[in-house]
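Take a look at the structure below.
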Amino acid sequence: MNVTINIKNTEPKVNIVKDREVEEKLIQEIASKVVNDLSNNPEVSEKVKKIGKEKLRDIAIEALRDSIKKSEEKQIEEAKEMSAEISSALIAGIVKTTIDFANEL
């Protein structure tokens, strides 16, 4: 008896579910805190004045968004790898079970 098993593409798909409104609020709060802390630091307060609080805040917001984006990209890649490993294990289990069943017939 010949058994043929066809398994088509099992590309993992990953979605990050998040509350963008909450995330944006946190980014704004963190950036404001960073600017405030730097403004109150005697070692850098003059530089903050030269740059300007709003410009510094914009820089902090951009840096935070970049950091979040990189973190999400890493999480997505890790999730895809894990998904691929799980899919491979499931497929291997299905194939083995099918072959064992076919051999018993």
For V34, V17, what's the largest-to-smallest order of accessible area, 1.4 Å probe? V17, V34
Please work out the FRET efficiency for the pair I51 and R20, using the Cβ-Cβ distance as r and a Förster radius of 30 Å; give the result to the nearest 0.05. 0.60
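Could you sort R57, R20 by accessible area so the largest value comes first, with the probe set to 1.4 Å?
R20, R57
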Along the charge dipole of the chain, which of S88, S39, N15 sits closest to the positive end, that is, farthest toward it, with unit charges on the beta carbon of Lys, Arg, Asp and Glu (+1, +1, -1, -1)? S39
Residue by residue, what Karplus-based ³J(HN,Hα) values in Hz, rounded to whole numbers, does segment 89-102 have, using 6.51, -1.76 and 1.60 with θ = phi - 60° and x for Gly and Pro? 5, 5, 4, 4, x, 5, 4, 4, 4, 5, 5, 4, 5, 5
For segment 24-73, give the magnitude of the charge dipole about the Cα centre (Cβ charges: +1 Lys/Arg, -1 Asp/Glu; no others), in debye to the nearest 20. 200 debye
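Please give the per residue accessible area of segment 16-105, computed with a probe of 1.4 Å over protein heavy atoms only, in Å².
Per residue, segment 16-105 has an accessible area of 80 Å².
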Over segment 53-97, with every protein chain in place, what whole percent of the accessible area is carbon and sulfur at 1.4 Å, could you tell me? 59 percent
In debye, nearest 20: dipole of segment 54-105 around its Cα centre with unit charges on the Cβ of K, R (+) and D, E (-)? 180 debye
For the chain, with only Lys/Arg (+1) and Asp/Glu (-1) charged at the beta-carbon, what is the dipole magnitude about the Cα centre, in debye rounded to 20? 440 debye
With an 8 Å Cα cut-off and a minimum separation of 6 or more residues, compute the relative contact order for segment 12-82 in percent. 46 percent
Relative counts (whole %) of C-alpha pair distances in the chain, using bins that are 10 Å wide: 12, 25, 18, 14, 12, 9, 6, 3, 0
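Stretched out fully, how many nm does the piece from A102 to Q28 gain, at 0.36 nm a residue minus the Cα gap?
On the way: separation 74, 0.36 × 74 = 26.64 nm, distance 6.13 nm.
Using 0.36 nm per residue and subtracting the Cα-Cα distance, I get 20.5 nm.
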How much of V22 can a 1.4 Å solvent probe reach, expressed as accessible area in Å² and rounded to 10? 80 Å²
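The values are calculated or read from the model by the stated rules, or taken from the named source; none is laboratory data. All of these numbers come straight from a predicted model, not from anything done at the bench. Cβ: placed from backbone, ideal geometry, glycine included. Neighbour counts: every protein chain shown. SASA here: full protein model, heavy atoms, side chains in, ligands and nucleic acids out. Shrake-Rupley method; radii C 1.70, N 1.55, O 1.52, S 1.80 Å.
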